[in-house]
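These notes are about the structure you will find just below.
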Amino acid sequence: MTVGATGTDRRLGRARRVALASLVVSVGSALLLPGVGLTREPDPLRLALGVTGLVAFAAAQAAVLHAAVTPWLGQRRRHRLQTVLAVAAVATVPLVGPVAAGVWPTWAWLGASLVGMMPLLLRPRPALAAAAAVVAVAVAVARWTGGSASAAVVIAGGVGAGVAAVNGVQVWFWDLLVAARQGQEARARLAAAEERLRFARDVHDLLGHDLTVIALKAELAARLAPVDAGRAGREAVEVQRLAGAALHRVRAAVHGYRAVDLGEQLAAVTEVLRSCGVRCHVDRPAGELPAEAAAELAAVLREAATNVLRHSRAAWCRIEIVREDGAVTMTVSNDGVGDARKPDGHSHGLRGLAERLAAAGGGLRARREDEVFTLAVTVPAHR
């Protein structure tokens with residue numbers, strides 16, 4: 001595999017374990033039949049050499065299988081593991097080839113296992129060439145040990161091709177899962193980048209003209225100061241007025257940027273969580289909430305959703321909004337904090353929200369119970 005990933009969520013981790021187990025069963029089963037040859041070898045020295053070769057090949061094979069479903073490993077490490085497997089496979093020819101000579105096609109079965117791994121190691125055309133080379137080696141070993149060349153072709157070529165087909169499908173599905181996960185992460189990064197660009201354009205449009213006028217007015221005031229102090233003073237006052245107006249417009253723009261609609265934020269958070277494999281349930285009161293309370297809750301919801309995606313491996317998330325006794329309470333709960341990446345109740349994001357809510361007359365509480373993290377926020381329904 002050539003894909004890479006920085007990490008996995010819980011569902012992708014389960015899929016990885018299933019894929020690894022399936023590959024081990026598929027490829028490893030072909031190693032049981034060379035073991036039959038070991039039981040039929042009467043010579044102790046050949047038996048010892050055969051066991052050594054088979055164990056070395058199995059260990060190298062296990063390492064390559066693990067790397068095949070561990071996409072965040074570097075290419076250099078993958079190449080080293082594949083080189084070790086190639087060396088172990090070559091060493092099995094003199095070590096395992098003579099085992100049960102003329103009685104059991106020991107190396108042909110090992111060759112079938114090697115052919116079955118080709119989809120994990122090479123692209124289609126090189127894999128076909130390598131598989132043909134393995135079959136040729138199996139025929140050569142059969143002739144060297146007095147075995148059947150046709151049986152070697154059927155076992156190494158036919159059985160190996162069947163194992164390769166199954167493994168190829170498994171690797172293809174795994175690649176699709178990793179690509180889908182990377183696509184979700186790329187889409188989230190793109191959305192954030194587009195939002196930053198939009199805000200940058202808004203600020204540029206707001207400040208570009210004002211700053212140009214301010215610069216010209218300030219230059220004019222500097223030139224007039226030696227010759228007409230009164231007019232220079234009036235220009236300076238105008239510069240001050242323009243600067244204050246520009247500052248007011250920037251603050252208004254930032255306020256509009258932060259004031260996210262709660263309904264839109266709920267829909268966006270639900271869609272993002274579900275696309276990342278987190279079951280999301282939303283329970284909200286009927287009717288519209290006061291605008292100021294909804295704006296405060298939207299800001300908290302955005303930070304809570306970020307924590308769920310970034311700091312946990314949640315399988316479910318529940319968002320509940322209740323309005324009673326002149327206050328609105330929002331509770332966001334999720335599982336998946338039973339590891340080192342659990343959300344920090346004292347993180348800068350939550351601490352900043354707590355200060356903002358306190359200034360608005362509200363409050364924020366965070367707690368953990370087993371693997372469940374709950375964030376509860378209360379804001380006044382009316383200021």
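Every read-out reported here was derived from the displayed coordinates using simple, explicitly stated rules and does not represent laboratory data. Small disclaimer: the values here were computed from a predicted structure and weren't measured. Neighbour counts are summed over all protein chains in view; Cβ atoms, including those assigned to glycine, are modelled from backbone coordinates with ideal geometry.
Below, the figures for the structure above:
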| item | result |
| --- | --- |
| Near-label residues of region 135-160 by backbone N, under 19 Å of a point 7 Å along Cα→Cβ of ALA86 | 135-138 |
| 222 nm mean residue ellipticity, helices alone, for the chain (DSSP H n ≥ 4; -39,500 (n - 2.57); rounded to 500) | -23000 deg cm²/dmol |
| Farthest toward positive dipole pole in the chain [+1 Lys/Arg, -1 Asp/Glu at C-beta], among ALA161, GLN240, PRO105 | PRO105 |
| Spacing of the two label points (7 Å from each Cα toward its C-beta) at ARG234 and GLN182, in nm | 6.6 nm |
| Dipole moment magnitude, nearest 20 debye, the chain about Cα centre, only Lys, Arg, Asp, Glu C-beta charged | 940 debye |
| FRET efficiency estimate (nearest 0.05) - Cβ-Cβ, TRP316 to LEU32, R0 45 angstrom | 0.65 |
| Gained length - ARG40 relative to ARG125, 0.36 nm times residue gap less alpha-carbon distance | 26.9 nm |
| Reduced Cα scattering model of the chain, Debye log10 I(q)/I(0), q = 0.09, 0.13 Å⁻¹ | -0.74, -1.02 |
| ALA327-TRP72 FRET efficiency (beta carbon distance; Förster radius 35 Å; 0.05 resolution) | 0.15 |
| Spacing of the two label points (7 Å from each Cα toward its C-beta) at TRP144 and THR374, in nm | 7.0 nm |
